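Input: a single structure, listed below in structure tokens.
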Amino acid sequence: MDFAHSEKVRALQQRLNVFMDRHVYPNEAVFDAELEENRRKGNPWVPTKIIDQLKEKAKAEGLWNLFLPESKLGAGLTNLEYAPLCEIMGRSPIAPEIFNCSAPDTGNMEVLVRYGNAEQQQWLVPLLEGRIRSGFAMTEPAVASSDATNIEASIRREGNEYVINARKWWTSGAPDPRCKILIFMGKTSPDNVNRHQQQSMILVPMDTPGVTMLRPLTVFGYDHAPHGHGEVDFKDVRVPVSNILLGEGRGFEIAQGRLGPGRIHHCMRLIGLAERSLELMCRRALKRVAFHRPVADQGVTRERIANARMLIDQARFLTLNAAWMMDTAGNKVAKKEIAMIKVVAPNMACQVIDWAIQVHGGGGVSDDFPLAHAYAHARTLRFADGPDEVHRNQIAKYELGRYLEEK
């Protein structure tokens, strides 16, 4: 395996870094100010002008839809080629959307490309153009959704329609007024003896009667407006039979196809977030003086900086290896590698950000620096797309399986 970046990727890295320096980092404060102004006016759930302006700049410079491997609709990059670019975007909380490479839209677009028919792909063009956003409705408050077979959402067929009843939460993107379509997971065959063939995925437009956005959810007090996550009620929601993806009972198949790339994209972005946190840590440590010498001269600080560098690089190479496996052997074969990095990257980021917060002192837990928000985001990703415990269990099964074959 060779993780050296191609000339094409190095050129894209350079262009992305220039764009980030010129347009993204300087406008993070502009975004925060605009969002705060919308809060004062009583509605933070309004798309910001600065993001719309930057999206047009990114589109004009060809830095748009860089994901979507094996598709002519994207930039034609492999997972391995996309990894260093996604890492750069992960350095800023506003960057992924600017390049139309943010969750859950990327995963939803991949589902429509891979599994959607011509009629269902009517949603794909506006998503690829960044004119609308989307949501993913899987997790439920009433059951432990870490075991997706627990999901109780009902999708019942009546003639040429499906009738949907459910309560979902952590539905990414639901509070966003630009969210026009949901990919919804529920049970079409609850009595099927195969628990992994009870579930289906179906397209549900947000403006369908019976769909009610109950409330936005917060993460450590952050609501992540104007996008966020929502609790959504589905009461006798009717959609055409043609909205079902692939067919009844194929929800888990689609979920595995969707969540593999989604998981590794999160890890790529987390590496960028950890890199930026380490940079902030080093700069702060060199400037601040405690007990008559720079914080950078304290042994404990140097130990943490060294450990942070090693943890980041370990996670990066594990991510690149998973991406390479996905490209060369396929997502299904690479599921152990994907599971491993999905555990490693969020834990690494949480630790590095925590050390950076410690060096910043009281300022680190305030919103004067981006670290508190970064920690909240990284900590959330120990749940998103499957909690650590589920992935560790799967990794252990893969390992034990090697020895069971000896019997």
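The values are calculated or read from the model by the stated rules, or taken from the named source; none is laboratory data. If you're wondering where the values come from, they're calculated on a predicted model, not measured in any experiment. Every residue, glycine as well, gets a Cβ built from its backbone with ideal geometry; the counts of neighbours run over all protein chains shown.
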(message) Please go through the range 271-301 and give me each residue that is surrounded by fewer than 17 Cβ atoms within 10 Å (Cβ to Cβ), at negative phi and over 31 Å from the mean Cα position of the chain (by Cα), ordered by number.
(response) L286, K287, R288, V289, A290, R293, P294, D297, Q298, G299, V300
(message) Just to be sure before I move on: is E406 in a helix (DSSP H, G or I) and surrounded by fewer than 17 Cβ atoms within 10 Å (Cβ to Cβ) in the structure I sent?
(response) no
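Checking the condition among the polar types (S, T, N, Q) and crowded, with 17+ Cβ neighbours inside 10 Å, which residue from N43, N65 passes? Write out each step before concluding.
Values: N43 fails: crowded, with 17+ Cβ neighbours inside 10 Å.
It is N65.
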(request) Hey, can you tell me all the residues within the range 134-190 that are assigned to a loop (DSSP other than H, G, I, E, B), of a type in the set (A, V, I, L, M, F, W, C) and over 26 Å from W45 (Cβ atoms)? (result) V143, A144, I151
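Residue check: is A329 surrounded by fewer than 21 Cβ atoms within 10 Å (Cβ to Cβ), at pLDDT below 95 and over 22 Å from the mean Cα position of the chain (by Cα)?
Working: surrounded by fewer than 21 Cβ atoms within 10 Å (Cβ to Cβ): yes; at pLDDT below 95: yes; over 22 Å from the mean Cα position of the chain (by Cα): yes.
Considered against the rule, which asks whether it is surrounded by fewer than 21 Cβ atoms within 10 Å (Cβ to Cβ), at pLDDT below 95 and over 22 Å from the mean Cα position of the chain (by Cα), A329 comes out as yes.
Going by the conditions given, is L404 out of contact with any strand residue (DSSP E or B) (no Cβ under 6 Å at 6 or more places or on another chain), at pLDDT below 95 and among the aliphatic types (A, V, I, L, M)? Walk me through how you get there before you give the answer.
Working: out of contact with any strand residue (DSSP E or B) (no Cβ under 6 Å at 6 or more places or on another chain): yes; at pLDDT below 95: yes; among the aliphatic types (A, V, I, L, M): yes.
Judged against the criteria, L404 is a match.
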(request) Considering only the range 224-266, state which residues are out of contact with any Gly (no Cβ under 9 Å at 6 or more places or on another chain) and either polar (S, T, N, Q) or part of a helix (DSSP H, G or I) (or both). (result) S242, N243, F252, E253, I254, A255, Q256, G257, G260, I264
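Just checking, which of H229, H265 is in contact with a strand residue (DSSP E or B) (Cβ under 8 Å, 6 or more places away or on another chain), closer than 20 Å to C101 by Cα and surrounded by 23 or more Cβ atoms within 10 Å (Cβ to Cβ)? Full working, then the answer.
Details: H265 fails: in contact with a strand residue (DSSP E or B) (Cβ under 8 Å, 6 or more places away or on another chain).
That would be H229, the only listed residue that is in contact with a strand residue (DSSP E or B) (Cβ under 8 Å, 6 or more places away or on another chain), closer than 20 Å to C101 by Cα and surrounded by 23 or more Cβ atoms within 10 Å (Cβ to Cβ).
Has the range 271-284 got at least one residue that is outside the structural domain of I50 (by TED's automatic domain parsing), outside any helix (DSSP H, G or I) and small (G, A, S)? Walk me through it before giving the result.
Taking the range 271-284 first, the residues outside the structural domain of I50 (by TED's automatic domain parsing) are 271-284.
Now narrow it down to the ones that are outside any helix (DSSP H, G or I): none.
No, that holds for no residue.
State the number of residues belonging to the range 191-214 that are assigned to a strand (DSSP E or B) and either hydroxyl-bearing (S, T, Y) or at positive phi (or both). Show your work before the answer.
Looking only at the range 191-214, we keep the residues that are assigned to a strand (DSSP E or B), and these are 199-205, 211-214.
Among the residues that remain, those that are also either hydroxyl-bearing (S, T, Y) or at positive phi (or both) are: 200, 212.
Looking only at that region, the number is 2.
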(request) Go through W170, W123 for me and flag whichever is of a type in the set (F, W, Y) and at positive phi. (result) W170
(request) Within the range 359-377, identify whether any single residue is in contact with a strand residue (DSSP E or B) (Cβ under 8 Å, 6 or more places away or on another chain) and under 29 Å from N150 (Cβ atoms), and answer yes or no. (result) yes
(request) Please find, within the range 1-41, the residue that is farthest from W64 (Cα to Cα) out of those that are of a type in the set (A, V, I, L, M) and without any contact (Cβ under 8 Å) to a residue 24 or more places away in the chain. (result) A33
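Please verify whether the range 114-129 includes one or more residues that are in a helix (DSSP H, G or I), hydroxyl-bearing (S, T, Y) and farther than 29 Å from Y375 by Cα.
yes
Filter the range 196-226 for residues that are of a type in the set (V, I, T) and within 19 Å of the chain's Cα centre (by Cα); which is surrounded by the fewest Cβ atoms within 10 Å (Cβ to Cβ)? Break it down stepwise before answering.
We begin by selecting, within the range 196-226, every residue of a type in the set (V, I, T); these are 202, 204, 208, 211-212, 218-219.
Pick out the ones that are also within 19 Å of the chain's Cα centre (by Cα) and you get 218-219.
Numbers: T218: 13, V219: 16.
So the residue we want is T218.
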(request) Restricting attention to the range 359-405, report how many residues are in contact with a Gly (Cβ under 8 Å, 6 or more places away or on another chain) and either basic (K, R) or assigned by TED's automatic domain parsing to the domain that holds A144 (or both). (result) 0
(message) If I go through the range 384-407 residue by residue, how many of them are of a type outside the set (D, E) and without any contact (Cβ under 8 Å) to a residue 12 or more places away in the chain?
(response) 9
(request) Only residues in the range 287-303 that are under 13 Å from G361 (Cβ atoms) count as the first member; pair them with residues that are charged (D, E, K, R), Cβ under 9 angstrom, at least 6 apart or cross-chain, and list the lot. (result) V295/R284; V295/K287; V295/R288
(request) Please find, among S71, S92, S102, the residue that is more than 18 Å from the chain's Cα centre (by Cα) and hydroxyl-bearing (S, T, Y). (result) S71
